[in-house]
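First up is the structure itself, then whatever we jot down about it.
The values are calculated or read from the model by the stated rules, or taken from the named source; none is laboratory data. What you see is a predicted model; the values in this text were computed from it and never measured. Note that each Cβ is placed from the backbone with ideal geometry, even for glycine, and that neighbours are counted across all protein chains shown. These accessible areas exclude ligands, DNA and RNA; they are computed on the full protein's heavy atoms, side chains included. Shrake-Rupley method; radii C 1.70, N 1.55, O 1.52, S 1.80 Å.
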Amino acid sequence: MRSLAYDGLMTYRVVQELQSLVGGRINKVHQPYSLDLMLQIRSNRQNAQLLISANAMYARLQLTDTPIKNPQEPPMFCMMLRKHVEGGFITAVEQIGRDRVIVISVRSRNELGDEESKKVYIELMGRHSNVVLTTEEGKILDAIKHLPPSQNTYRTIMPGSDYLLPPEQHKFDPLTEMTEGLKRIDWNAGKLDKQIVATFAGVSPQIAQEVVHLAKTPNRDSLQQAFENVLRQLDGPYVFQQLANGKERFAPIALTAGDIESEETYESSKEVLDRFYYEKANRDRVRQQAHDVERLLKSELEKNQLKRRRLLDDLKATERADELQKYGELLTTYLFQLEKGMRVAEVVDYYDENGAILSIPLDPLKTPNENAQQYYKKYNKLKVAKVEVKKQIELNDAEIEYLETLIAQLDVASPSDLLEIREELAEEGYIRQKRQKKKANPKISLEAYTSSTGTEFFVGKNNTQNDHLTFKFARRDEIWLHVKDIPGSHVIIRSTEPDETTLLEAASVAAYFSKARASSGVPVDYTRARFVKKPSGAKPGFVIYTDQQTVYVTPDEQLMKSLKQS
């Protein structure tokens, strides 16, 4: 579900902060993803990154420090923005009413050197979110999403059309019309929070619930006092909270309603929005980009799991080998008592301590000796098959572990990690990719962390990174970590004798980047890098190790983020 926390009041605060960009120069425009834009701005002798997202789930406008990799080929809308606003100066950043619509005005020069003004309208409205570039007069030059007349008869968002703002909702502005708006509340109708949302522009359900919670008694005076109290906090810190039900939320004010488990406060919208959105948006992008890979891996995993069940059935069938060998030996012993044409041989089983009589089926068309040889033949066939089936089970188990490891890696992969996973799958023959000239020494990036006591450690988030980290990056006596018997990342501590805090923090990060991320008391093995070996012919990322010790940790996402280097 998309967050409703980025409401009109959050937009109001963000726009207030963005006034620092007025007068700034737009140096670069990038479109790293289909619905995300990044503007690099030089203002007040400082560089700033302005992120504009029309993503249905994570639509927002914010300053950010988060680096984002840009595509080699810019999309058409990016090229249009570069043509009209790159190199231009921001003359205004305004919120339209109290809604989630912002307009950035830019003054620039065209190819002839003439000065002209453009406007960038940013509509943050869930799946209807959009970014529209217009002339000063309101003629649409382009948009990140086109909306033809066939989809919307009221608003056409196409190059050449006149830009119209989203339909007016005719609500009261809580900052200037609170008293008038409260007169419209029906005190006898109940559901005061929903009435507040329906009455006031820019007020989300969570803000409305906070007002009602603070009011305590449902009357106009207490509600107005609570509302005023909430609005006064628009000059205070932002809040990020984790709730007892596992959900997260943020707000431009303090929140006291709800079952709050933990809380963090931030001085800027940049900090709180990066805290809330960055990982979620990243995960969402990877999920979209990795959909085909995930489907392939799960399909391969199901096939191999089915194959394993069949191999186990085959192995169970080979358990008759010893019985067939015994039949052959007993028939050989009692040949003198048997004749051709018999269907069953009743013989004393000298392997049984009580000397029980055993009935052995015979082929009446064969001699007793031929029957004995037939049982020996079946025995030898099953004996060979048993060795082969066990070998196939070992190979199949290794394949299942490999596929489960890749699926676990997808859960924590960044877009760049995903590219390396795709390359690995192509090299292993799982998918086809256009043949590209392989780089002699491809650059492999590793995520770097610093423990609370100042020791660096590094994490591999896919098999390419894991192999590089363990066998090329690590020094012989540095400490290597991996979750015990569970698919996960390799971790190297840049120390031969790390302190206990570093060891436990690195182990916690190793547990987070594993299939056991949602578990507690996760066993993590650690040993020196020289005790980690890669068997000949093993799949990427697969290792064996000795001389290990084990610690037990609980993965902590907040700890992981706090230790991660920028």
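Among the residues of region 344-352, is there at least one that is under 23 Å from residue 390 (Cβ atoms) and modelled with pLDDT under 95? Show your work before the answer.
Here is the first cut: in region 344-352, the ones under 23 Å from residue 390 (Cβ atoms) are none.
The answer is no, given that none of the residues of region 344-352 is under 23 Å from residue 390 (Cβ atoms) and modelled with pLDDT under 95.
May I ask you to say which residue of 528, 517 is among the basic types (Lys, Arg) and without any contact (Cβ under 8 Å) to a residue 60 or more places away in the chain?
Values: 517 fails: without any contact (Cβ under 8 Å) to a residue 60 or more places away in the chain.
The unique qualifying residue is 528.
Does at least one position in region 58-67 carry a residue that is open to solvent by 30 Å² or more (accessible area, probe 1.4 Å), more than 23 Å from the chain's Cα centre (by Cα) and either in contact (Cβ under 8 Å) with a residue 60 or more places away in the chain or more than 16 Å from residue 144 (Cα to Cα) (or both)?
no
Would you check which residues across region 281-315 are open to solvent by 60 Å² or more (accessible area, probe 1.4 Å) and touching a residue at least 12 places away in the same chain (Cβ under 8 Å) and list them? Break it down into steps so the answer makes sense when it comes.
Looking only at region 281-315, we keep the residues that are open to solvent by 60 Å² or more (accessible area, probe 1.4 Å), and these are 287-289, 291-292, 295, 298, 302-303, 305-310, 312-314.
Within region 281-315, 289, 298, 305, 307, 308, 312, 314 qualify.
Among the numbered conditions (1) outside any loop (DSSP other than H, G, I, E, B); (2) in contact (Cβ under 8 Å) with a residue 60 or more places away in the chain, tell me where residue 47 comes up short.
Going through the list (1) outside any loop (DSSP other than H, G, I, E, B); (2) in contact (Cβ under 8 Å) with a residue 60 or more places away in the chain, residue 47 breaks only (2).
Can you tell me which residue within region 1-35, out of those that are free of Cβ contacts under 8 Å to residues at least 40 places away in the same chain and within 25 Å of residue 78 (Cβ to Cβ), is surrounded by the fewest Cβ atoms within 10 Å (Cβ to Cβ)?
Step by step, filter region 1-35, then rank; the result is 20.
I want to confirm something. Restricting to region 387-418 and keeping residues that are within 14 Å of the chain's Cα centre (by Cα) and open to solvent by 50 Å² or more (accessible area, probe 1.4 Å), which single residue is modelled with the lowest pLDDT? It would help to see each step written out before you state the result.
First, pick out the residues of region 387-418 that are within 14 Å of the chain's Cα centre (by Cα): 406-418.
So of that shortlist, the ones also open to solvent by 50 Å² or more (accessible area, probe 1.4 Å) come out as 411, 416.
Details: 411: 82, 416: 77.
Result: 416.
For the structure I just gave you, tell me whether residue 369 is under 18 Å from residue 318 (Cα atoms), open to solvent by less than 100 Å² (accessible area, probe 1.4 Å) and part of a helix (DSSP H, G or I). Step through it out loud before you land on a result.
On the way: under 18 Å from residue 318 (Cα atoms): no; open to solvent by less than 100 Å² (accessible area, probe 1.4 Å): yes; part of a helix (DSSP H, G or I): yes.
So residue 369 fails the test.
If only one of 514, 508 is of a type outside the set (Val, Ile, Thr), open to solvent by less than 20 Å² (accessible area, probe 1.4 Å), assigned by the TED database to the domain that holds residue 467 and touching a His at 6+ places or on another chain (Cβ under 9 Å), which one is it?
Values: 508 fails: touching a His at 6+ places or on another chain (Cβ under 9 Å).
It is 514.
Here is a check on your reading of the model: is residue 464 of a type outside the set (D, E, K, R) and either open to solvent by 40 Å² or more (accessible area, probe 1.4 Å) or over 14 Å from residue 545 (Cα atoms) (or both)?
Numbers: of a type outside the set (D, E, K, R): yes; either open to solvent by 40 Å² or more (accessible area, probe 1.4 Å) or over 14 Å from residue 545 (Cα atoms) (or both): yes.
Yes, satisfied.
Name the single residue, out of those in region 443-459 being modelled with pLDDT under 95 and closer than 24 Å to residue 403 by Cα, that is most open to solvent (accessible area, probe 1.4 Å).
Result: 445.
Examine region 539-557 for a residue that is in a helix (DSSP H, G or I), crowded, with 16+ Cβ neighbours inside 10 Å and among the hydrophobic types (A, V, I, L, M, F, W, C), and state whether such a residue exists. Even if it seems obvious, please write down each step before you answer.
Filtering region 539-557 down to residues in a helix (DSSP H, G or I) leaves 557.
With the extra rule that they be crowded, with 16+ Cβ neighbours inside 10 Å, the set shrinks to none.
Checked against the condition, which is being in a helix (DSSP H, G or I), crowded, with 16+ Cβ neighbours inside 10 Å and among the hydrophobic types (A, V, I, L, M, F, W, C), region 539-557 yields no hits at all.
Return the residues of region 467-481 that are within 24 Å of the chain's Cα centre (by Cα), over 17 Å from residue 535 (Cα atoms) and open to solvent by 10 Å² or more (accessible area, probe 1.4 Å); say none if nothing qualifies.
none
Inside region 406-513, counting only helices (runs of 4 or more DSSP H) that do not spill past its ends, which hold 1 or more residues that are without any contact (Cβ under 8 Å) to a residue 60 or more places away in the chain and under 20 Å from residue 69 (Cα atoms)? Steps first, please.
Working: elements: 415-427, 463-468, 500-512.
Filter on region 406-513 gives 415-427, 463-468.
Which residue, of 98, 82, 107, is among the charged types (D, E, K, R), open to solvent by 10 Å² or more (accessible area, probe 1.4 Å), in a loop (DSSP other than H, G, I, E, B) and modelled with pLDDT of 90 or more?
Values: 82 fails: in a loop (DSSP other than H, G, I, E, B); 107 fails: in a loop (DSSP other than H, G, I, E, B).
Of 98, 82, 107, the one residue that is among the charged types (D, E, K, R), open to solvent by 10 Å² or more (accessible area, probe 1.4 Å), in a loop (DSSP other than H, G, I, E, B) and modelled with pLDDT of 90 or more is 98.
Tally the residues that are surrounded by fewer than 19 Cβ atoms within 10 Å (Cβ to Cβ), farther than 21 Å from residue 118 by Cβ and out of contact with any helix residue (DSSP H, G or I) (no Cβ under 6 Å at 6 or more places or on another chain), restricting the search to region 36-56.
4
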